[in-house]
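Asks: My structure is below; once you've seen it, I'll send some questions.
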Amino acid sequence: MWKLAGIFLLFFPVFAQAGAQKMEGAVCNSASAGLFIVDVPDKPVTHQLFVSVFASEKKAMAWLAAMSKRLEKRISAPKMRNDFLMTVYYEATRAGLDPQLILSIIQIESDFRKYAVSRVGARGYMQVMPFWPKLCGDPDHNLFHLRRNLRYGCSILLGYLRMERGNYFRALGRYNGSLGQATYPNLVLRAWHGPWTYPS
């Protein structure tokens with residue numbers, strides 16, 4: 001069942017725009033101040049930094065090759081695709097999150113569009129609401145920056161996971177502003193355990 005749903009999502013994405021996320025200062029504390037950014041460049045991580053979070057370069061390149069193939073239809077330029085994937089992996093791992101989960105969220109939230117804007121103003125790959133920089137970072141932060149968007153998105157999700165004591169279903173509901181509704185968490189979980197799954 002998961003497998004069939006995952007295949008459907010990979011080729012026929014459902015667009016779920018960010019909902020009414022709540023301005024919760026507790027998320028900043030819960031995710032820890034170290035995760036919210038002071039300043040990161042609008043550049044992808046280097047190959048060296050990407051490889052550093054793997055046990056070996058061979059494992060790093062195997063993951064990158066597998067994910068690059070899956071993402072080819074959405075991001076056609078090889079360098080842009082690999083830069084994006086390396087940065088997702090690094091930022092997710094930095095926050096203690098599964099990169100496959102972050103890829104699933106990005107698919108459902110923005111379908112891998114850097115400049116996506118929802119009808120309620122959420123921005124970028126991870127559809128981060130503009131109040132977050134004011135609450136947890138710097139009001140001048142540009143949420144369309146690759147690393148900045150990922151850093152905020154991963155930090156917010158981590159904060160919600162800690163608030164919900166590791167309950168992914170509820171944390172994802174909070175992330176999308178649809179706590180108590182099953183549609184969004186189920187979409188992400190199906191993508192995570194379907195097309196974006198990867199052996200640990």
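Asks: Residues to consider are 162, 151; find the one that is modelled with pLDDT under 95, of a type outside the set (Gly, Ala, Ser), in a helix (DSSP H, G or I) and within 9 Å of the chain's Cα centre (by Cα).
Replies: Of 162, 151, the one residue that is modelled with pLDDT under 95, of a type outside the set (Gly, Ala, Ser), in a helix (DSSP H, G or I) and within 9 Å of the chain's Cα centre (by Cα) is 151.
Asks: So in the range 40-87, with the set limited to residues that are small (Gly, Ala, Ser), free of Cβ contacts under 8 Å to residues at least 60 places away in the same chain and not in a loop (DSSP other than H, G, I, E, B), which one is surrounded by the most Cβ atoms within 10 Å (Cβ to Cβ)?
Replies: 60
Asks: For the range 88-109, what are the residues that are assigned to a loop (DSSP other than H, G, I, E, B), modelled with pLDDT of 95 or more and hydrophobic (A, V, I, L, M, F, W, C)?
Replies: 97, the sole residue that qualifies.
Asks: Continuing with this model, one more query. Does residue 168 satisfy the criteria of being more than 11 Å from the chain's Cα centre (by Cα), under 15 Å from residue 92 (Cβ atoms), surrounded by fewer than 19 Cβ atoms within 10 Å (Cβ to Cβ) and modelled with pLDDT of 95 or more?
Replies: The answer is yes for residue 168.
Asks: Of everything in the range 107-146, what is among the β-branched types (Val, Ile, Thr) and either free of Cβ contacts under 8 Å to residues at least 24 places away in the same chain or in contact with an Asp or Glu (Cβ under 8 Å, 6 or more places away or on another chain) (or both)? Give them in sequence order.
Replies: Of everything in the range 107-146, just one residue is among the β-branched types (Val, Ile, Thr) and either free of Cβ contacts under 8 Å to residues at least 24 places away in the same chain or in contact with an Asp or Glu (Cβ under 8 Å, 6 or more places away or on another chain) (or both), namely 117.
Asks: I'd like the full set of residues that are of a type in the set (S, T, N, Q) and surrounded by fewer than 22 Cβ atoms within 10 Å (Cβ to Cβ), limited to the range 115-150.
Replies: Matches in the range 115-150: 118, 142.
Asks: Among the residues of the range 173-188, count how many are free of Cβ contacts under 8 Å to residues at least 40 places away in the same chain and not in a loop (DSSP other than H, G, I, E, B).
Replies: Going through the range 173-188 one residue at a time, the tally reaches 3.
Asks: To continue, here is another question. Can you go through 112, 36, 8, 84 and tell me which one is within 21 Å of residue 127 (Cβ to Cβ), modelled with pLDDT under 95 and aromatic (Phe, Trp, Tyr)?
Replies: The match here is 36.
The values are calculated or read from the model by the stated rules, or taken from the named source; none is laboratory data. From a predicted model like this one, the values you see are computed outputs, not experimental measurements. Here the Cβ is made from the backbone with ideal geometry for all residues, glycine too, and neighbour counts use every protein chain on show.
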